[in-house]
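Everything below concerns the one structure shown next.
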Amino acid sequence: QVQLVESGGGLVQAGGSLRLSCAASGRTFSSYYMGWYRQAPGKERELVATMTSGDSTNYAESVKGRFTISRDNAKNSVYLQMNSLKSEDTAVYYCNAVMSIATFWGQGTQVTVSS
């Protein structure tokens with residue numbers, strides 16, 4: 001079982017920045033496939049960014065060039081740096097970990113971008 005705890009969400013003006021953090025439990029964090037997803041009101045959950053254990057990254061087209069995913073295996077943590085935020089980035093952001101055939105989710109953190 002992997003526990004994920006997100007932090008760093010909040011209210012920010014359009015054009016601003018936020019950094020989300022996700023702390024994970026487990027002794028083999030470096031082998032986890034990590035990701036960030038988001039869900040806006042009335043919409044389905046969507047992929048934002050992912051990072052493999054080998055540090056390969058993948059981003060949704062809507063956030064490319066603005067968001068950066070990173071990880072610190074020594075701290076069992078993954079981060080999402082969000083710059084140039086837009087009102088359409090408003091959503092609950094979820095941390096995701098994939099280990100073998102198991103998938104784990106955090107409780108989510110709210111990001112609200114005011115225009």
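Name the residues in segment 53-72 that are in a loop (DSSP other than H, G, I, E, B) and on the phi < 0 side of the Ramachandran plot, would you?
If the condition is that a residue be in a loop (DSSP other than H, G, I, E, B) and on the phi < 0 side of the Ramachandran plot, then SER53, GLY54, SER56, ALA60, GLU61, SER62, VAL63, LYS64, ARG66 are the ones that fit.
Could you give every pair whose Cβ atoms fall below 8 Å, whose first residue belongs to segment 30-47 and is farther than 25 Å from ASP72 by Cβ, and whose second residue is open to solvent by 70 Å² or more (accessible area, probe 1.4 Å), counting only separations of at least 6 or pairs across chains?
Qualifying pairs under 8 Å: GLN39/ARG45; GLN39/GLU46; ALA40/GLU88.
Mind listing just one residue for me: the one in segment 53-73 that is in contact with a helix residue (DSSP H, G or I) (Cβ under 9 Å, 6 or more places away or on another chain) and of a type in the set (Gly, Ala, Ser) and, of those, farthest from ASP89 (Cα to Cα)?
SER53
Being over 23 Å from SER115 (Cα atoms) and touching an Asp or Glu at 6+ places or on another chain (Cβ under 8 Å) narrows it down to one residue among ARG71, ARG38; which is it?
So the residue among ARG71, ARG38 that is over 23 Å from SER115 (Cα atoms) and touching an Asp or Glu at 6+ places or on another chain (Cβ under 8 Å) is ARG71.
Filter segment 84-104 down to the residues that are outside any strand (DSSP E or B) and touching a strand residue (DSSP E or B) at 6+ places or on another chain (Cβ under 7 Å), then identify the one that is farthest from ASP55 (Cα to Cα).
SER87
The values are calculated or read from the model by the stated rules, or taken from the named source; none is laboratory data. All values derive from a computational prediction rather than experimental measurement. Note that we place each Cβ from the backbone using ideal geometry, even for glycine, and neighbour counts take in every protein chain shown. To get the accessible areas, we keep the full protein, side chains included, count just its heavy atoms, and leave off ligands, DNA and RNA. Shrake-Rupley method; radii C 1.70, N 1.55, O 1.52, S 1.80 Å.
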